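Below is one structure, written out as structure tokens, with a few remarks after it.
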Amino acid sequence: MNSGRFLGTSALIALLLAAAPGAYAVETSCVLSELGDLSGATRVVIDPFPGWAKGASAERMKEIIDRINRTLIGDLEPARQIKITLVRPHDARADSISSFQIFLAWPPKDEQDLEATLSHEYGHALFKRNMERYAPAWKQWNALTEKERMTGPRPAAPPGLYRSTDYEELLADTLAVIEADDPKAMAKALKPMEGNFGRDFTVNLSVKEFAKRRASTATELLSTPEKTDPHHTLNPVRSFIWNQYLSKPENKPYYGKILSTLYRVSAEDMLKQAKESELPVRRGNWLKKFNKRLIKKLKKALKDFE
Ligand SMILES: [Zn+2]
């Protein structure tokens, strides 16, 4: 999901129907089944509109997912099925919803854009698949409809689960960075909007500096913890992950182990937060605490890779 360019599901369906009625009979489908000892294969269905660049593009998308499954996810379970629906609107970049459906604006800017965006969205699919294992409470929460979540009595869910997208966006960005082998992969794929700088893993953003910046940026997004943009809340953790682990070439063979540990530790942290009875109200302190706690846990779990 990309903030600022998100289209709601109903808007997307409307756009799809308007763009190409009856055009979805053609499916480019494939099961990535040659995955060695992984416990399951990902079925990839690509749902194109007429006139899209067939062939090489579909193969490229399958290659990207296959490579991630084979070499980058450690002991995570690959997503069972993803459906990639190509959409025309230039401003609808990408969005994944709970059924692992990925909407991809087509054509991408370039090869790097495709890699970063598709990897990021597949990171969401991995999150949903693996949180079902690591965090059963999250599975129940995720089964609620969007409306039930948004309109339920406050707090509609335990705080940690309400904030699950913070972890999800962090992990999706991390996968994109690892896949592209480029710490700026996500930042490059996004338009240079204010605030996207923090998704560049090399900006070296400390928790202190981050909290200061956030406090001085008076936007509606930051007015309450619940509304804080999940693409940015864990930006200091992005810097930490880069500085501490991914910037070291000797860690490259262990990217899968590092990534799967990030998912597992995030699940643990999320469940711990979920046990806290109230959402913290002071945003600066809350952001500091959130980032610091996760960094501390990662440091412990990944000490072999420092
Ligand atoms: Zn996202």
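Below, the figures for the structure above:
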read-out: Taking Trp52, Trp138, Trp106 and counting other C-beta atoms within 10 Å, the order from fewest to most; value: Trp52, Trp106, Trp138
read-out: Local net charge near Arg80, Cβ-Cβ under 14 Å (Lys/Arg +1, Asp/Glu -1); value: +3
read-out: Length gained when the stretch Gln112-Lys208 is fully extended (0.36 nm per residue, less Cα-Cα span); value: 31.3 nm
read-out: Label-point gap, in nm, between Asp181 and Val45 - each point 7 angstrom along Cα→Cβ; value: 3.4 nm
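Every number here is computed from the coordinates shown, using simple stated rules; none is lab data. Given the structure is predicted, the values throughout are model-derived calculations rather than measurements. A quick note on method: Cβ atoms are made from the backbone with ideal geometry, for glycine too, and the neighbour counts reach across all protein chains shown.
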